[in-house]
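The values are calculated or read from the model by the stated rules, or taken from the named source; none is laboratory data. Please read these numbers as outputs of a predicted model, since none were measured by experiment. Here the Cβ positions follow ideal geometry from the backbone for every residue, glycine too, while neighbour counts run over all protein chains shown.
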Amino acid sequence: MITRTRTKNYYPSEQSRIAKELMVKNPEWTLKEIGMVMGVGRERTRQLLLAEGLSIRKYRGVKYETERICPSCGGIKAVESNICSKCYKEKHNVTLTCEVCGDDFTRYKSQAERNGGNPPRFCGRECQGVWLGTNYGFKGDKLGQMDEG
């Protein structure tokens, strides 16, 4: 049974050191339980652990760290995901080449399959504008008409 004790007022650095020691020694404890031992609240415990650089989100020691390894590449994956962000991008993105500047750019596969299977041809609006200007010209340019009038 964990009992709440009143402790003397430690300096913040000492409090955060004690909170970190308790978290490392007892990874199954919640922030509330650590706070009860230290005589502070759950929110203050969270602040102290963040000051020590510990990740609070679902921190549960070695078990949690082994669950965060990507099965594909061995990298660190997001908490809720099955694979890391690098593997996700490789799986869901496709690399295309811009028709105007020749640079490579990436798009989601779903974007590339839109428009009847015709992938995007330009890396951005600027290249699309250059292509439209060279192929179709700027007919009916309102700025040009205003200067003349």
(request) Might you let me know whether the stretch 129-143 holds any residue that is modelled with pLDDT under 75, part of a helix (DSSP H, G or I) and not assigned by TED's automatic domain parsing to the domain that holds E43? (result) yes
Exactly one of G74, G53 is over 30 Å from R107 (Cβ atoms) and modelled with pLDDT under 75, and that one is G53
In the set R125, R114, the lone residue that is basic (K, R), modelled with pLDDT of 85 or more and under 28 Å from the mean Cα position of the chain (by Cα) is R125
Subset of the stretch 70-127, residues of a type in the set (A, V, I, L, M, F, W, C) and not in a loop (DSSP other than H, G, I, E, B), comes to I76, C87, V94, L96, F105, A112, C127
